[in-house]
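The values are calculated or read from the model by the stated rules, or taken from the named source; none is laboratory data. Nothing here was measured: the structure is a model prediction, and the numbers come from that model. With ideal geometry, Cβ positions are generated from the backbone for all residues, glycine too; neighbour counts draw on all protein chains shown. Note: accessible area is taken over every heavy atom of the protein model, side chains too, but ligands, DNA and RNA are not part of it. Shrake-Rupley method; radii C 1.70, N 1.55, O 1.52, S 1.80 Å.
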Amino acid sequence: MADPFLSIQHVRKSFGATTVVEDFNLDVESGEFVSFLGPSGCGKTTVLRMVAGFEEPSAGKIVVSGKDITRLKPNQRNVGMVFQAYALFPNLTVAQNIGFGLKVVGMPRADIDARVAEMLGIIKLPQMADRYPYQLSGGQQQRIALARAIAPKPKLLLLDEPLSALDAKVRVSLREEIRSIQKKLGITTIFVTHDQEEALSISDRIAVMYGGKAEQVGTPFEIYNRPATKFVANFVGTLNVLEGTVTDPAAGTVRVNSEQISLQGKLNGSKSGDTLSLALRPEAISLGRQPGRDSSLSGEISEVHFLGSVIRVRVGIGGSTVSLDTFNSPATPPPAVGEKAEISFSSSDMLVLH
Ligand SMILES: Nc1ncnc2c1ncn2[C@@H]1O[C@H](COP(=O)(O)OP(=O)(O)OP(=O)(O)O)[C@@H](O)[C@H]1O
Ligand SMILES: [Mg+2]
């Protein structure tokens, strides 16, 4: 494999006695879009600020195109950054905001004007050059902030929750727009978010962070379908967790609420009598026995929510409750609360959480 464009190697950051980033490692390919996904306080902004040069690592190094940039000043790094809060200069027009970084490096006036016009086209706000930030909506302000960050043609774009102050609809359309601009320009990008759907929908890869570490780095498909840790499994997507007791590790059998299920090859390292957390995504579960699903458990319907095209059903199994969605079918009445029910699934879809 070619050398990565960006390599974050064994980076650590302490503030006084508190370590907030521990042994963080990540390689990012040229042109790749990687999201940092994790709960508040897990160190996402701190890692991003170290890459940008606003914070110096306590240990480790950051390499871009084979060059160690760990100690370089922010303006020597060719990095563009967009922050969570609108950070436009309130006393400058849109055009002056976008051209700010170009003016600082002494680009000729005519070239600045041309680049600003090009940027306004890219973010689809061509008429807004002479407005001031207070005359713009939140979504427009963040697009200007994006244009300002990419105007100097940075090699690396760092976006720290750029959508978090926007309402849900604007968020979705702007995230698609950011992704398409990023692809068109081929800028290597790190995008910080604590919104899992956002990360899943627009990233090439996701680094799921917890407690200052990357718990797992992978494609959205890998992170969702093969979570490496309990934290990742719970943080990304909806999960139904059942407690099971190992009955025969060699045969791969587990008892769940007095019924036996078989999980071939998934109990490595477990002993008979161990308690395990077993997890299933809602879409891996069917109501009733279904062809092709090799396992089943019985329970009782505890909730039914008719949502139109989908019916969300909750089934109590022993002390646990399992959520699943079934499609509405006008010919079949929905299940009723209190009915006995069987759920079925493929044992290969069951995750064993460690
Ligand atoms: N300059 C600082 N001095 C002391 N502690 C700091 C400093 N900056 C960040 N921290 C601490 O480091 C931890 C990680 O902060 P960081 O801002 O990286 O989190 P985050 O993942 O970006 O969270 P959020 O999603 O809320 O933005 C937090 O506990 C924070 O209080
Ligand atoms: Mg942050």
Of all residues in the stretch 12-26, count the ones that are of a type in the set (A, V, I, L, M), more than 7 Å from ligand 1 (Cβ to nearest atom) and more than 24 Å from Pro220 (Cβ to Cβ). 1
Residue list for the stretch 305-354, filter: open to solvent by less than 40 Å² (accessible area, probe 1.4 Å), of a type in the set (Ser, Thr, Tyr) and not in a strand (DSSP E or B): Ser346, Ser347
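Test of understanding: among Gly292, Gly319, which residue is out of contact with any His (no Cβ under 9 Å at 6 or more places or on another chain) and at positive phi?
Gly292
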Qualifying residues in the stretch 27-47 (those that are over 13 Å from the mean Cα position of the chain (by Cα) and within 23 Å of Lys184 (Cβ to Cβ)) - the one nearest to ligand 1 (Cβ to nearest atom): Val28
Of the numbered conditions (1) outside any loop (DSSP other than H, G, I, E, B); (2) open to solvent by less than 50 Å² (accessible area, probe 1.4 Å); (3) away from ligand 1 (no atom under 16 Å from the Cβ); (4) over 29 Å from Lys183 (Cβ atoms), Phe231 satisfies every one except a single condition; which is it? (3)
Residues of the stretch 167-190 that turn out to be open to solvent by 10 Å² or more (accessible area, probe 1.4 Å) and within 16 Å of ligand 1 (Cβ to nearest atom), as a count: 1
Unique match (being within 16 Å of ligand 1 (Cβ to nearest atom), open to solvent by less than 30 Å² (accessible area, probe 1.4 Å) and small (Gly, Ala, Ser)) among Ala151, Ala207: Ala207
Look through Gly53, Gly80, Gly60 and report the one residue that is assigned by TED's automatic domain parsing to the domain that holds Val192, of a type in the set (Gly, Ala, Ser) and either touching a residue at least 60 places away in the same chain (Cβ under 8 Å) or within 12 Å of ligand 1 (Cβ to nearest atom) (or both). Gly80
